[in-house]
Every structure is written in C-alpha cells, then in structure tokens.
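The values are calculated or read from the model by the stated rules, or taken from the named source; none is laboratory data. Values in this document were obtained by computation on a predicted structure and should not be read as measured data. Please note: Cβ atoms are built from the backbone with ideal geometry, for glycine as well, and neighbour counts cover all protein chains shown.
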Amino acid sequence: MYFYQSIKNMEYFLNKHLNKKIVGIAGVGGLGSNCAIALARVGIGKLVIADYDVVSESNLNRQYFFSNQVGLLKVIALKETINKINTHTEVETHNIKLTATSIIEIYKSCDIIVEAFDSAEMKQIIIETVISKFPDKYIVSGIGMAGWGNNNIINTKRYDKLYICGDGITEISETKAPLAPRVGIVANMQANQVLELLLAEK
C-alpha cells in the first residue's frame, strides 16, 4: 500500500510542476519520437513537434511508430500515439522542414528545446539559432548513438545552455546503423535531462 501511495505522491508532484511546461522537439525520428513519448508519460503540459517526413517501414526498427501508421506524416502519427498515452499533454504539430527563421517562430514559446535531427547540418543550424536567438533557453541535443554496445561511453556533457547526450563520436554509416537500443538510450537521456532542468526551476 505504501509503495502505491508513494507512486501517487510522485505523480502529483510531477503533474503540479510539469503540466504548464512547454517543450519543443525538432525532428521526430528515432530520437524525437522516443523522447516525446517519454515526456508525455511524465506529464509535460505541451509538446511542440516539427518534422516534414512520413512514416516508412524502415523507421519501425527504432522510431516510436507502428505498422498501421506507415504513410502518415510523422507529426500526425506521433500526436495520435501521444493522445493514446496521455490525453492531458497538448501536442502542437508543424509539418515543415525547419529553417533558422521557422525555428525562431515555432519554438519561441518553449521552455526547453530538444534537437533530434539525423542531419549534422540541421543539428548545427538549430543549435546555433537557439544559442544566438534564445540565449536564455536550454537546448538538449543528441550526438553519437549509432551501432550497438559501449554503454559506458554514452553520457551527457554540458556547454553552458547546451546539453549533448550520446557518445559524441559514433556517426551513422554503412557499418554502424541507428538501432533501437542505443537510439532509445540517448532519446531517454534527452528526456531525463529535460526533466532535470524543468524540475530544477520549481
């Protein structure tokens, strides 16, 4: 009985502090979809998600989508899934290929922004844009999650308002594909870092 009461107390604590928070997620592939699900499960009040891709069968080995969602826009499919998990988390969707200009407009109301792109170029664009245009906002990035194994080199590093989750070096290649275990670890590390930052403000 005490165990279940403790869980209820923790849920009340989280809801009290998180249900008014807004988190932006840029890209909802392997990192973004899994991170968004984790944040919805802990009761984030609102998620602002942006991506322009559609769900394909090749995504299902690591991204939080289902076979009956193949062909749907990723932002629509993810919103549908989040609504089944937590109806109290509002999901604002943007079916768009992000640019420096649209990043500013879409994520200006967010408390924290999660970078979850596959492309190194897009990672650089959003990190530089957030740091220069939103100097008071935190950005949580994922870099280095390809392949498998080497759990001990996956960590989080801080550079002022920028947090980087991953091993920082393992890039996707023909011999190192993005696979569910490592991608999921980094995505959940990102969500955990967001949670730490938001709860530190309480």
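The conditions of being at pLDDT below 95, in a helix (DSSP H, G or I), among the charged types (D, E, K, R) and under 20 Å from Glu90 (Cβ atoms) are not met by Lys79.
For region 42-52, indicate whether the set of residues that are at pLDDT 95 or above, part of a helix (DSSP H, G or I) and under 26 Å from Pro178 (Cα atoms) is non-empty. No, region 42-52 has no match at all. Scanning region 132-141 for residues being of a type in the set (Gly, Ala, Ser), in a helix (DSSP H, G or I) and either touching a Pro at 6+ places or on another chain (Cβ under 9 Å) or touching a residue at least 12 places away in the same chain (Cβ under 8 Å) (or both) gives a total of 0. Would you check which residues across region 106-131 are acidic (Asp, Glu), assigned to a loop (DSSP other than H, G, I, E, B) and surrounded by 18 or more Cβ atoms within 10 Å (Cβ to Cβ) and list them? Hit for region 106-131 is Asp111, nothing else.
Quick check, is Leu98 over 14 Å from the mean Cα position of the chain (by Cα), surrounded by 14 or more Cβ atoms within 10 Å (Cβ to Cβ) and either under 15 Å from Ala40 (Cβ atoms) or in contact (Cβ under 8 Å) with a residue 40 or more places away in the chain (or both)? In short, yes. One residue stands out in region 46-73 among those that are polar (S, T, N, Q) and in contact (Cβ under 8 Å) with a residue 24 or more places away in the chain: the one that is surrounded by the most Cβ atoms within 10 Å (Cβ to Cβ), namely Gln63. Screening Gly43 against (1) on the phi > 0 side of the Ramachandran plot; (2) over 12 Å from the mean Cα position of the chain (by Cα); (3) surrounded by 23 or more Cβ atoms within 10 Å (Cβ to Cβ) leaves a single unmet condition, (3).
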